[in-house]
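For reference, the structure discussed in these notes is given below.
The values are calculated or read from the model by the stated rules, or taken from the named source; none is laboratory data. Predicted model, so just to flag it, every value in this text is computed and none were measured. Here the Cβ positions follow ideal geometry from the backbone for every residue, glycine too, while neighbour counts run over all protein chains shown.
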């Protein structure tokens with residue numbers, strides 16, 4: 001007899017790992033499919049408090065995206081200082097984020113660029129800090145990583161940009177990243193998803209289907225423009241997205 005997957009129990013293990021700093025074995029939270037991973041995500045954020053937005057990304061222009069809701073407490077401002085044992089992996093990704101000016105509740109997955117642009121407030125430079133609650137993260141099943149809020153730790157947001165959101169093209173975005181003053185990445189079009197509007201339409205529909213549509217003030221971050229690099233303990237992390245702005249943090 002096949003054991004029924006308990007999403008609530010898996011979420012409890014991940015929340016406990018987050019609070020204690022003691023990771024769990026990925027096998028203990030491994031869902032059977034994407035729907036199970038999303039159920040773990042929803043139970044996790046319900047335990048952590050309000051949702052402040054979403055992360056979304058895709059491995060290629062035609063690949064199915066993945067997403068996770070983001071706890072509002074993990075969205076922090078520029079020059080953030082992140083301290084404590086929870087920051088043990090310190091994966092860094094430079095990303096383009098957008099903030100919604102109003103609730104956005106599409107009727108389907110193909111909302112269209114114009115409708116999305118009309119709902120946006122601004123574009124922001126962002127650093128996603130990638131952290132895991134999985135003891136065996138490097139060997140873990142991608143479904144376990146997806147369940148663990150797609151390995152989300154925090155989202156550091158720079159000042160809103162004056163750039164016109166309608167002109168954002170991930171295939172042309174230039175990104176720069178430095179640790180302690182030393183450049184570690186300089187890229188152009190480094191986001192593998194390619195089309196930001198497909199990502200935003202997809203995640204907006206996912207949010208509707210999961211009972212928590214995008215709301216005014218929500219931030220959506222759209223995947224790495226630099227790949228993931230690992231900062232050392234005590235590092236100063238500085239990033240720039242050309243034409244969008246600067247964002248930085250310190251561990």
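Brief remarks on what is shown
- Residue list for the range 1-12, restricted to those being touching a residue at least 24 places away in the same chain (Cβ under 8 Å), in a helix (DSSP H, G or I) and surrounded by fewer than 20 Cβ atoms within 10 Å (Cβ to Cβ): 8, 12
- Counted residues, the range 158-177 - those being assigned to a strand (DSSP E or B) and within 16 Å of the chain's Cα centre (by Cα): 0
- Applying the condition of being assigned to a helix (DSSP H, G or I) and touching a helix residue (DSSP H, G or I) at 6+ places or on another chain (Cβ under 7 Å) to the range 115-135 and asking which residue is surrounded by the fewest Cβ atoms within 10 Å (Cβ to Cβ) yields 117.
- The range 178-197, subset more than 10 Å from residue 225 (Cα to Cα), touching a residue at least 24 places away in the same chain (Cβ under 8 Å) and not in a loop (DSSP other than H, G, I, E, B), residue nearest to the chain's Cα centre (by Cα): 196
- Within this structure, residue 240 fails the test of being in contact with a strand residue (DSSP E or B) (Cβ under 6 Å, 6 or more places away or on another chain), in a loop (DSSP other than H, G, I, E, B), at pLDDT 95 or above and within 24 Å of residue 80 (Cβ to Cβ).
- Residues within the range 17-59 that are exposed (fewer than 14 other Cβ atoms within 10 Å of the Cβ) and either in a helix (DSSP H, G or I) or within 19 Å of the chain's Cα centre (by Cα) (or both), tallied: 7
- Residue 248 vs. criteria in a helix (DSSP H, G or I), touching a strand residue (DSSP E or B) at 6+ places or on another chain (Cβ under 7 Å) and in contact (Cβ under 8 Å) with a residue 24 or more places away in the chain: no
- With respect to being farther than 14 Å from residue 132 by Cα, in contact (Cβ under 8 Å) with a residue 12 or more places away in the chain and in contact with a helix residue (DSSP H, G or I) (Cβ under 9 Å, 6 or more places away or on another chain), residue 42 fits the description.
- Among the residues of the range 136-157, not a single one is under 22 Å from residue 62 (Cα atoms), at pLDDT 95 or above, under 15 Å from the mean Cα position of the chain (by Cα) and assigned to a strand (DSSP E or B).
- Residue check for residue 66: touching a helix residue (DSSP H, G or I) at 6+ places or on another chain (Cβ under 8 Å), in contact (Cβ under 8 Å) with a residue 60 or more places away in the chain and over 24 Å from residue 154 (Cβ atoms): no
- Being in contact (Cβ under 8 Å) with a residue 60 or more places away in the chain, out of contact with any strand residue (DSSP E or B) (no Cβ under 7 Å at 6 or more places or on another chain) and in a loop (DSSP other than H, G, I, E, B) is a condition met by at least one residue of the range 201-210.
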